[in-house]
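The values are calculated or read from the model by the stated rules, or taken from the named source; none is laboratory data. Computed from a predicted model, the values in this text were never measured in an experiment. Using ideal geometry, Cβ is built from the backbone for each residue, glycine included, and neighbour counts are taken over all protein chains shown.
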Amino acid sequence: MSAGTIRGRRFVFALMFTAAATIWQSSWAEAPSLRRWPDRLPTPQLRAIDPDGRQWDVHGLRGKVVVLNFWASWCAPCVDEIPFLNDLAHSASMADKVVILGVNFKESASTVQRYATEHRIGFPILLDKSGEYFRKWTNGILPTTVLIDRQGRARWRVVGELDRKDDSVKQAIEKMLEEHMPAATQASGGQAK
């Protein structure tokens, strides 16, 4: 191989590396923010079990606002947002009107139970053993949080760590709670016993 060919390949490699680094950096430069669920995407189904084997159906929670938080134990930002999610789950102003559900990405029930106990997670955790729900509900980034209105429609999404200093998530939840609920839509519990 000639010296010119080697220099040319090095140049192309350096150019590709620089372009990739620029794209990667710009994708992380933007802080997570509340964004509308894309109108073109229907709200996916989510029927999953918790570590105790109880079945949950998100569509069965109609009548309540649902906060779906996709996470994994190895994801540092996922750990950092647990206190904020616990606060939402135990907020007196949202009691019995809002359901927080953590959806774990591809970890065993025993790992999830141990982790939930260790980190004092105060809301139900669902298991996504195959990653099916993660693919349907997220852009492939952990953590991702989806807000579902009382009629069962995905309305908002935060890609990245929830910021407890940012009131936009709480405001979106409160606004969805204030929206008129059709008489035919009732909460059926969402959890099978």
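I need the full set of residues from region 134-182 which are in contact with a strand residue (DSSP E or B) (Cβ under 7 Å, 6 or more places away or on another chain), outside any loop (DSSP other than H, G, I, E, B) and under 16 Å from residue 87 (Cβ atoms), in order please.
Of everything in region 134-182, those that are in contact with a strand residue (DSSP E or B) (Cβ under 7 Å, 6 or more places away or on another chain), outside any loop (DSSP other than H, G, I, E, B) and under 16 Å from residue 87 (Cβ atoms) turn out to be 145, 147, 158, 168, 169, 172, 173.
In region 87-113, what residues are among the polar types (S, T, N, Q) and either closer than 13 Å to residue 129 by Cα or modelled with pLDDT under 95 (or both)?
91, 93, 104, 108, 110, 111
Considering every residue within region 76-90, establish whether at least one is part of a helix (DSSP H, G or I), more than 15 Å from residue 34 (Cα to Cα), among the small types (Gly, Ala, Ser) and touching a strand residue (DSSP E or B) at 6+ places or on another chain (Cβ under 6 Å).
Yes, region 76-90 has at least one match.
Which numbered condition in (1) free of Cβ contacts under 8 Å to residues at least 12 places away in the same chain; (2) within 19 Å of residue 112 (Cα to Cα); (3) over 15 Å from the mean Cα position of the chain (by Cα) is the only one that residue 129 fails?
Of (1) free of Cβ contacts under 8 Å to residues at least 12 places away in the same chain; (2) within 19 Å of residue 112 (Cα to Cα); (3) over 15 Å from the mean Cα position of the chain (by Cα), only one is false for residue 129: (1).
Which of the residues spanning region 81-132 are on the phi > 0 side of the Ramachandran plot and small (Gly, Ala, Ser)?
Hit for region 81-132 is 131, nothing else.
What are the residues in region 58-72 that are of a type outside the set (Phe, Trp, Tyr) and touching a Phe, Trp or Tyr at 6+ places or on another chain (Cβ under 8 Å), if any?
68, 72
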